[in-house]
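The values are calculated or read from the model by the stated rules, or taken from the named source; none is laboratory data. Just so it is clear, the structure is predicted and the values come from calculations on it, not from any experiment. Cβ sites come from the backbone with ideal geometry, for glycine too, and all protein chains shown count toward neighbours. SASA here: full protein model, heavy atoms, side chains in, ligands and nucleic acids out. Shrake-Rupley method; radii C 1.70, N 1.55, O 1.52, S 1.80 Å.
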Amino acid sequence: MLKTAICDLFDIRHPIFQGGMAHIGTAELVSAVSNSGGLGIIGSGFYEPDWIREQIHLTRRLTDMPFGINIQMASPFAGQVLQMVLEEKVPVVTTGAGNPENEIPGLRKAGMKVVPVVNSVHLAKRLERAGADALIAEGAESGGHVGETATMALVPQVVDSVSIPVVAAGGICDGRGLAAALALGAGGVQMGTRFVCSDECIANNRYKQKILEADDQSTVVTRQVLGMPQRSLKNNLTDRFQALQNAGVSREELKLFDRNRMYLGLIEGDIEDGSLLAGQIAGLIKEIKPVRAIIEETAAEAERIINSLKKFEEE
Ligand SMILES: Cc1cc2nc3c(=O)[nH]c(=O)nc-3n(C[C@H](O)[C@H](O)[C@H](O)COP(=O)(O)O)c2cc1C
């Protein structure tokens, strides 16, 4: 069985994280991942602390394995959510959409492991200095908010610039991706889009089907003008957003136009006018599967690939 420093650090059987995903990283998915030997992570999005606390309690009822919570630093409730997470002592905190530098010491002091998502070497070094336990290096192939550097280039550069363990994210959905990430020096992977298409994910089925129908050209990055570029499946919404952006519509109007689109797409299943966050790897996902199958097949395939690569030594 593949065992890496990430397995030891987070007390998990397989070096696989389920990315914290706003609206759909709920207790159902998180507990299924943790019960299958990965690290399930609650997506707190822009939700209020009470809703998130409920998800933590529900997760605890469904699993006694370690799990995490993702805090979006850009959330208007980030401060209150951090306070609540300190009270609840969630074992692992990942952070997205911002810099958690000032919060790391407090979380660690309370006994939590802090794993920020980074998309640059600069931020990786800074957050290692601030005391992060590990980092998630997320490449531009990812679904959701993205930076500019692709996973293949970002991961080895982050690995070489820090001495804490690194988890690779972006463009990974199977054992080939896990084996590649380990070859780049990562200790594990975080997958998002793959877990959307699981039985346990509460995402609307019309959105899941759109991912299954996707090919390698189906996603696009929009919202650059809002300062938060986001990758999602192309649809009427992304076309209209780009047209408005090109026409020079103000940031305020674009923000208003964009409001609640994620809930509309992910939960209500409006596949034309809702936001359908997904990564470039969507084109490789062809089946909705149980979480346990996703995790066990990914780990087993990676192990097979790593063993098969040894044949090159003999040639
Ligand atoms: C629907 C969706 C919602 C996401 N929401 C968040 C979020 O709230 N916070 C965060 O840090 N990352 C978020 N992400 C990114 C994932 O946690 C993960 O890092 C990413 O999906 C990995 O790339 P992949 O989609 O190629 O697997 C989201 C991704 C998706 C697909």
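Any idea which of A214, A243, A181 is without any contact (Cβ under 8 Å) to a residue 24 or more places away in the chain and of a type outside the set (V, I, T)?
Numbers: A214 fails: without any contact (Cβ under 8 Å) to a residue 24 or more places away in the chain; A181 fails: without any contact (Cβ under 8 Å) to a residue 24 or more places away in the chain.
Testing whether each residue is without any contact (Cβ under 8 Å) to a residue 24 or more places away in the chain and of a type outside the set (V, I, T) leaves just A243.
Go through the stretch 184-194 and give me each residue that's within 13 Å of the ligand (Cβ to nearest atom) and either at positive phi or not in a loop (DSSP other than H, G, I, E, B) (or both).
Within the stretch 184-194, G188, V189, Q190, M191, T193, R194 qualify.
Could you list, in sequence order, the residues of the stretch 27-37 that are farther than 27 Å from I164 by Cα and either assigned to a loop (DSSP other than H, G, I, E, B) or open to solvent by less than 20 Å² (accessible area, probe 1.4 Å) (or both)?
Within the stretch 27-37, A27, L29, A32 qualify.
Do we find that G171 is at positive phi and in contact with a strand residue (DSSP E or B) (Cβ under 7 Å, 6 or more places away or on another chain) in this structure?
The answer is no for G171.
Taking R108 and the conditions (1) within 16 Å of the ligand (Cβ to nearest atom); (2) over 30 Å from E296 (Cβ atoms); (3) open to solvent by 10 Å² or more (accessible area, probe 1.4 Å); (4) free of Cβ contacts under 8 Å to residues at least 40 places away in the same chain, which numbered condition does it fall short on, given that it satisfies the others?
(1)
Is there a residue in the stretch 18-26 that is more than 21 Å from G96 (Cβ to Cβ), surrounded by fewer than 24 Cβ atoms within 10 Å (Cβ to Cβ) and of a type outside the set (S, T, N, Q)?
No, the conditions are met nowhere in the stretch 18-26.
What is the number of the single condition among (1) over 20 Å from L284 (Cα atoms); (2) open to solvent by less than 60 Å² (accessible area, probe 1.4 Å) that L233 does not meet?
L233 satisfies all of (1) over 20 Å from L284 (Cα atoms); (2) open to solvent by less than 60 Å² (accessible area, probe 1.4 Å) except (1).
Taking the options A124, A153, A140, A181, name whichever one is farther than 26 Å from E28 by Cα, part of a helix (DSSP H, G or I) and within 12 Å of the ligand (Cβ to nearest atom).
A181
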